[in-house]
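Since the structure comes first, as structure tokens, the remarks are kept for the end.
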Amino acid sequence: MSSPQLPGLSSLPKPLLNSGFRISKDQLTTIVPVAVAAMLGTYLISRYFSTPSGQKSKVNLSLNKDSAKVVHSFDIEDIGSKAVYCRCWRSKKFPYCDGSHSKHNEETGDNVGPLIIKKRDA
Ligand code: FES
């Protein structure tokens, strides 16, 4: 349905909305994938550089995972002259150090080591 033409109005400029800006199908087949790739790239980059809270890496990878908290307690009198405790959480003899921290440090560039408790020489 077209509006009736008034005499003399055809010489006036057309409204901006009717300026003829058009995108062809060929242009759309290029613009849409590029826009989607740009959005996906932006999303992936933002995910890579952000660490959501609660998603930080875990220290304990395998020990007593069914327990809410891993706790060991020793009486100082029972320790003897020297005790070496693991702080890297990779020991097969946890809570005692078995030297696994060396392999962990080599693989990750970390610098963890044991806690050594010993009696002072009298
Ligand atoms: S094995 Fe963990 S500190 Fe040595």
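The values are calculated or read from the model by the stated rules, or taken from the named source; none is laboratory data. In this text, all values refer to a predicted model and were calculated from it rather than measured experimentally. Here the Cβ is made from the backbone with ideal geometry for all residues, glycine too, and neighbour counts use every protein chain on show.
Within 16 Å of the ligand (Cβ to nearest atom) and without any contact (Cβ under 8 Å) to a residue 40 or more places away in the chain: which single residue out of Val84, Val71 fits that description?
Values: Val71 fails: within 16 Å of the ligand (Cβ to nearest atom).
Just a single option satisfies the conditions, and that option is Val84.
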Practice item. Taking the options Asp78, Asp121, name whichever one is acidic (Asp, Glu) and at pLDDT 90 or above. Key: Asp78
Review point. Can you pull out the residues in region 98-122 that are more than 9 Å from the ligand (Cβ to nearest atom), in a loop (DSSP other than H, G, I, E, B) and under 30 Å from the mean Cα position of the chain (by Cα)?
Key: Gly109, Asp110, Asn111
Revision key, fill the gap. Expected output for region 93-107 (first residue under 23 Å from Gly80 (Cα atoms) and of a type in the set (Phe, Trp, Tyr), partner modelled with pLDDT under 95 and assigned to a loop (DSSP other than H, G, I, E, B), Cβ below 6 Å, 6+ apart or cross-chain) is Phe94/Leu63
Practice item. Quickly run through region 31-68 and pick out the residues that are within 16 Å of the ligand (Cβ to nearest atom) and not basic (Lys, Arg). Key: Val59, Asn60, Leu61, Ser62, Leu63, Asn64
